[in-house]
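The values are calculated or read from the model by the stated rules, or taken from the named source; none is laboratory data. Please read all numbers here as calculations on a predicted model, not as lab measurements. Glycine gets a Cβ as well: all are built from the backbone with ideal geometry, and neighbour counts include every protein chain shown.
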Amino acid sequence: MSEQLQLLVTVKAYPALSRKHGEVVCVAGVRTDTERPEWVRLFPVPFRDLPFDQRFTKYQIITVECRRPSTDRRPESYQPDPDTLVLGETLPAGGTWPERRALIEPLTVESMCWIQAQQKVDGTSLGVFRPAEVLDFEMEPEPEDWDPGKLGIASQPSLFFPGKKGLQKIPYRFRYVYRCSESDCGTHSQSIVDWELAQSFLSWGHRYSRPVLLERIREKWLGDLCGPDKDTMFYVGNQHQHPESFLVLGVFYPKHGIKEAQPPGYAAGPPT
């Protein structure tokens, strides 16, 4: 049985290659049609096969018909029907990002360690929190090309866009190394799968040599997004086949400032 969901898109992962679904994107966001904000994951989304006027952006409100997937039991997961997608307004940034923050703050929890513990209790698979200290931004080289099993999927033509370029492989694995706020936390090292990071690598690669490109990436995702003037939070989510393994899905990075009052009915603090 399907249901209509309205959500604010907060995360778009770089496209993945699936033998079952082809090229697909995982999208996460915050429901705006419930009494309190709550997480939702949409998968699979054939984003690069959507008509251009249906390609939503981060922090845009969308409405879509969804049903529960048959194989993914994570509580936040839904399978969307792309043909029912309706795009709404995009919430502006504006310094401290008050409109975006009004939906993110109520879902903010204490730490990554808390999310990992909660996953074992109720299957929690999405979360957002403030890292206590970001220690490093690691860049590990990977093969430049897809392995043979995925090469054909990456170059599959699109039914609606026959001239679509094949999906490019990002030849690096990027990771944040950080401590969260738990007193007994050691460190966390998690891969980053944000499409925004991958797109910067591809577009900046036309302007800079590889060493300069990597330094610019590091400056942006460590020096800027995690800089002292930013109220940095990490969006994280786990992997379906490996629920104990979490990835950094994206970064919420408004400037520090007075937090705006929450909308009516949205109480701040960790979800209960």
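For the reader, a short list of remarks on this structure follows.
- The single residue among 85, 91, 7 that is at pLDDT 95 or above, within 22 Å of residue 234 (Cβ to Cβ) and more than 16 Å from the chain's Cα centre (by Cα) turns out to be 91.
- Leading residue by the ranking (surrounded by the most Cβ atoms within 10 Å (Cβ to Cβ)) among those in the stretch 46-99 that are polar (S, T, N, Q), touching a Ser or Thr at 6+ places or on another chain (Cβ under 9 Å) and not in a strand (DSSP E or B): 84
- Filter pass, residue 176 being farther than 19 Å from residue 15 by Cα and not β-branched (Val, Ile, Thr): yes
- Flag if residue 17 is modelled with pLDDT of 95 or more and either assigned to a strand (DSSP E or B) or over 19 Å from the mean Cα position of the chain (by Cα) (or both): no
- Scanning the stretch 212-242 for residues that are closer than 23 Å to residue 26 by Cα and surrounded by fewer than 16 Cβ atoms within 10 Å (Cβ to Cβ) yields 239, 241, 242.
- Pairs linking a residue in the stretch 79-103 that is outside the structural domain of residue 41 (by TED's automatic domain parsing) to a residue that is of a type in the set (Phe, Trp, Tyr) and surrounded by fewer than 18 Cβ atoms within 10 Å (Cβ to Cβ), with Cβ atoms under 8 Å and 6 or more positions apart or on different chains, are 102/266; 103/266.
- Any hit, the stretch 130-148, residues being at pLDDT 95 or above, surrounded by fewer than 18 Cβ atoms within 10 Å (Cβ to Cβ) and part of a loop (DSSP other than H, G, I, E, B): yes
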